[in-house]
1. Where a ≥ b ≥ c are the square roots of the eigenvalues of the C-alpha gyration tensor, would you call the chain rounded, which needs a/c under 1.5, or, failing that, prolate if a/b is larger than b/c, or oblate?
2. Ordering 157, 72, 167 by how much accessible area each has at a 1.4 Å probe, largest first, what is the list?
3. Can you count the Lys pairs in the chain with C-alpha separation below 27 Å, eight or more apart or on different chains?
4. Counting only DSSP beta bridges with both residues in the chain, what percent are antiparallel, rounded to the nearest 5?
5. Not counting ligands, DNA or RNA, and with a 1.4 Å probe, what is residue 164's accessible surface area in Å² rounded to the nearest 10?
6. How big is the Kirkwood radius of region 133-277, worked out from every pair of different alpha carbons and given in Å to one decimal?
7. So, with +1 on the Cβ of K and R and -1 on the Cβ of D and E, and no other charges, what is the size of the charge dipole of the chain about its Cα centre, to the nearest 20 debye?
8. Would you list 26, 235 from the most to the least accessible area, probe 1.4 Å?
Amino acid sequence: MSERLVILGAKGGPAIRPGGPSPTASLLEIGGRRIVIDCGLGVSRGLVEAGMALPTLDLVVITHLHSDHVLELGPLIHTAWTSGLKTPVEIWGPVGTRTVWDGFVASLSYDIELRIDDEGRPDIRDLVRIHEFGEGRLIEEDGLIVEALRVDHPPVEECYAIRVRHEGRVIVFSADTAYFPPLADFARGADILVHEAMHPSGVDRLVARTGNGERLKAHLLASHTMASDAGRIASSAKVGHLVLNHLVPADDPEIGEGDWRAELAATWDGPLTIGRDGLSLALPGTQHKRKSA
Ligand SMILES: [Zn+2]
Ligand SMILES: [Zn+2]
């Protein structure tokens, strides 16, 4: 299996627009595992386009329960099931994830019962295992370690940055967070930090466009991170590569890649990638890591 990070959905927030990017979801292929991080609208299509056979789905991590991160969790698993899934899927998410799943299954009970009887499929409810987590270590198996750090995303109380480690490689996802210096410790020395980001003049243009004005702006400023501050976290953590994701705005033609890079000019001078749907980054090899360790 290739080892790579694929950004499936690069935008922040639940809205979609013609030709624009999808809400948040990522695929991390590492150590022979495929980990789906967040399940915003479009995650199923994104995984298929990235070359993943949906029946191989077995590990999903949800950072928090805002809809732009969880709306397609149920539909993803259901689509994997109707595509031939027969093996267990482990879902890790904050408290409330079980309610999301149970509600989805209840809403689709007609279809689910029908397909079990009519098509002889295994019961989807028996295939899914929900693990509601708090801060700390989630998974440790076959050299794969997944850990969570609670970040600052008011009014959501349970929102977790995720760190994935395997044979010396470290990839960290900030999740949604205001500027949160402890994240730099959590991401210390990571090969890749995927951090959310806002563009200041883009936020002003967005606020002017949407009509929900000052209230939206207050939410964004209290709960999310300006791109320059994402650069501060990356520099403080001395990460190998910064990937900006959960872009706000992600679909303003006036805010291009150069504008995002300009925001980071003063705070980050290392490798930088601006997220977009379908972007794939190869992970450093284990041999390289062993040599440099
Ligand atoms: Zn979000
Ligand atoms: Zn959020």
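The values are calculated or read from the model by the stated rules, or taken from the named source; none is laboratory data. Predicted, not measured: the structure shown is a model, and the values here were computed from it. Here the Cβ positions follow ideal geometry from the backbone for every residue, glycine too, while neighbour counts run over all protein chains shown. Ligands, DNA and RNA are stripped out before the accessible areas are found, and what is left, the full protein with its side chains, is counted by its heavy atoms. Shrake-Rupley method; radii C 1.70, N 1.55, O 1.52, S 1.80 Å.
1. Values: a/c = 1.80, a/b = 1.29, b/c = 1.39.
Taking the square roots of the gyration eigenvalues as a ≥ b ≥ c, the chain is oblate.
2. Details: 157 140, 72 25, 167 100 Å².
Result, largest first: 157, 167, 72.
3. Working: 11/217; 11/238; 238/289; 238/291.
Taking the chain as the scope, the lysine pair count is 4.
4. Numbers: 33 of 57 bridges.
That works out to approximately 60 percent antiparallel.
5. It works out to around 0 Å².
6. Numbers: mean 1/r = 0.0640 Å⁻¹.
It works out to 15.6 Å.
7. Numbers: 29 positive and 41 negative charges, 155 e Å.
Here the chain has a charge dipole of around 740 debye.
8. Numbers: 26 5, 235 45 Å².
From most exposed to least exposed: 235, 26.
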